[in-house]
1. Run the numbers on region B:74-102: which residues show a drop of 40 Å² or more in accessible area, chain on its own versus all protein chains together, using a 1.4 Å probe over heavy atoms?
2. If packing is taken as the mean number of other Cβ atoms within 10 Å per residue, what is the order of B:49-57, B:28-36, highest first?
3. By how many nm would the segment from B:I23 to B:A199 grow when fully extended, if each residue of separation counts as 0.36 nm and the alpha-carbon distance is taken off?
4. For the A and B pair, go ahead and give the buried accessible area with a 1.4 Å probe, both sides summed, in Å² to 100.
5. Ignoring everything but the protein chains, give the 1.4 Å probe accessible area of B:R237 in square angstrom, nearest 10.
6. Going by a 1.4 Å probe on protein heavy atoms, which residues of region B:209-230 end up with at least 20 Å² less accessible surface in the whole assembly than in their chain alone?
7. Could you order B:T114, B:T100 so the one with the most accessible surface comes first? Probe is 1.4 Å.
8. Just to make sure I understand: if all protein chains stay in place, what is the order of B:L129, B:L164 by accessible area at 1.4 Å, largest first?
Amino acid sequence: MHERLDQWQFVMAALAIGVIGTLVLVGWTLWAMKRAEARRDASRNSGQRGT
Amino acid sequence: MHGFANPARFLRMARWLMPLMLIPGLVLAFGALAWGLFMVPPDRLMGQTVRILFIHVPSAWLGMAGWSTIAIASLTELVWRHPLAGIAARAAAVPGAAFTAICLATGSIWARPTWGTWWVWDGRLTSFLILLFLYFGYIALAGAAQRDAAAGEGASRVTAIFGLVGAVNIPIINRSVVWWNSLHQPPSITAGKSSIDAAFLYPLLIAALGFTLIFGGLVLARMRMLLADIQTEARLRRKAMA
């Protein structure tokens, strides 16, 4: 028995995983970088205030 | 190479190089995906599913390139003691794991309409799944080494050795479709040769270039993040001891 599959559903699912995965990865990485640099700058400023 | 060992000099370079890689990378990668989706004709055998090629192949390439980066940076850390090499290795792990996961997911989705199954335990698929587990192990080990400051250089060296030993899986992935029978097709692009029609090859190469630039930008961003974390930790430790 032949199973009739709509190929476009598979194409769109694969592209959605690729595009959303890449965008989430880029967004999360940039957010984590900005947060780490802000924390470093805050610790530097509090250190300067303390001295 | 040691010219970039100075973190301040590296950060100055990373600040302008990171957007220079990320923005063109996103434009090229998503442009090539749109080209593949709207302009490429369906394949004679695979039909419309051939369009999955433009996300699956670049993510496979980056999954392997990510671990190759880890292995080269780990070797540089162990042999030449380059201060940024360990940070570069750790920075490549999460993007490498993410692209490996995307490759496995898109490959499984592609397999269902073309092979009639979501998964087979053949050499290529199994060795790629092992690569994902190696990434998980590396990320956990690197995280533990960073947290355990008392372990110091020793823990960092264990992580580097793990990165180097895990590289044995890369040639296995590459040759798996030649060594063992598989539903997966043999390599279509080898050094200087391609069996892919130009209609598919050009958008594929542009997608590969775009995703590679994104990967490079992500590694630089994660290196900035890791360096900032190290500087914060060092400052807090100095303050606690004062």
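1. B:I102
2. Packing order, densest peptide first, comes out as B:49-57, B:28-36.
3. Working: separation 176, 0.36 × 176 = 63.36 nm, distance 2.54 nm.
Extra length from B:I23 to B:A199 when fully extended: 60.8 nm.
4. Result for this pair: about 3100 Å² buried.
5. 120 Å²
6. Buried-area filter returns B:L218, B:A221, B:R222, B:R224, B:M225, B:A228, B:D229.
7. Solvent-accessible surface, decreasing: B:T114, B:T100.
8. Result, largest first: B:L164, B:L129.
The values are calculated or read from the model by the stated rules, or taken from the named source; none is laboratory data. Just so it is clear, the model here is predicted, and its values are computed rather than measured. Glycine gets a Cβ as well: all are built from the backbone with ideal geometry, and neighbour counts include every protein chain shown. Note: accessible area is taken over every heavy atom of the protein model, side chains too, but ligands, DNA and RNA are not part of it. Shrake-Rupley method; radii C 1.70, N 1.55, O 1.52, S 1.80 Å.
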